[in-house]
């Protein structure tokens, strides 16, 4: 598939999926989200941002993995990441009704990709990565005594699968990047006075953004921190 074709298909599919994600976010939000117009559609700024972000994400994935049989799996990750981020930023919760099915669908996509190209080592690495992420974030949750949400632990299989698919070394790097991003943003917001010392911030978006950033520059970061 050519680059131009991949991007066009990604944008078109993303515009369609974006509408589905908006419905999904409304379905699993604990509070009403936006105001409906007479046709029953929602027109909040959050809806518009989600709808516009989806084709951008899908076009990026299509350009990056246009010849990889795991393309659909990563599209599932992108869609889940956008929906979960939208909910977590507003309500500080990550619904298991999205996290768990996304992990299962992502796993199915990775299995399909391994079957198509015969590279089963990537699938093994993905499964180990999921276990590592669950253990690490589960320990953080226990040590923090509730300061680190259980929804973030439920997100661990999803991010661990895809970080592991890129290589086991990407799992600790992705988690490290996520925590650094959260710390930097927290410091900036604290310094601006918009956040008090004991206030909480949603961590799910940082886990997802850190994972996506590791897809892009994880190998370069690995080269920097290893002899």
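The values are calculated or read from the model by the stated rules, or taken from the named source; none is laboratory data. Treat the numbers as computed from the prediction; the structure is a model and nothing was measured. Neighbour counts are summed over all protein chains in view; Cβ atoms, including those assigned to glycine, are modelled from backbone coordinates with ideal geometry.
Please go through the range 94-118 and give me each residue that is surrounded by fewer than 17 Cβ atoms within 10 Å (Cβ to Cβ) and under 30 Å from residue 185 (Cα atoms), ordered by number.
Matches in the range 94-118: 96, 97, 100, 101.
For (1) closer than 20 Å to residue 215 by Cβ; (2) modelled with pLDDT of 95 or more; (3) not in a helix (DSSP H, G or I), each residue gets a yes or a no:
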position: 52; (1), (2), (3): no, no, no
position: 58; (1), (2), (3): yes, yes, no
position: 73; (1), (2), (3): yes, yes, no
position: 79; (1), (2), (3): yes, yes, no
position: 103; (1), (2), (3): yes, yes, no
position: 129; (1), (2), (3): yes, yes, no
position: 152; (1), (2), (3): yes, no, no
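Report yes if some residue within the range 168-186 is surrounded by fewer than 17 Cβ atoms within 10 Å (Cβ to Cβ) and not in a helix (DSSP H, G or I); otherwise report no.
yes
Given the options 188, 173, 143, 201, name the one that is over 19 Å from residue 94 (Cβ atoms) and in contact with a helix residue (DSSP H, G or I) (Cβ under 8 Å, 6 or more places away or on another chain).
173
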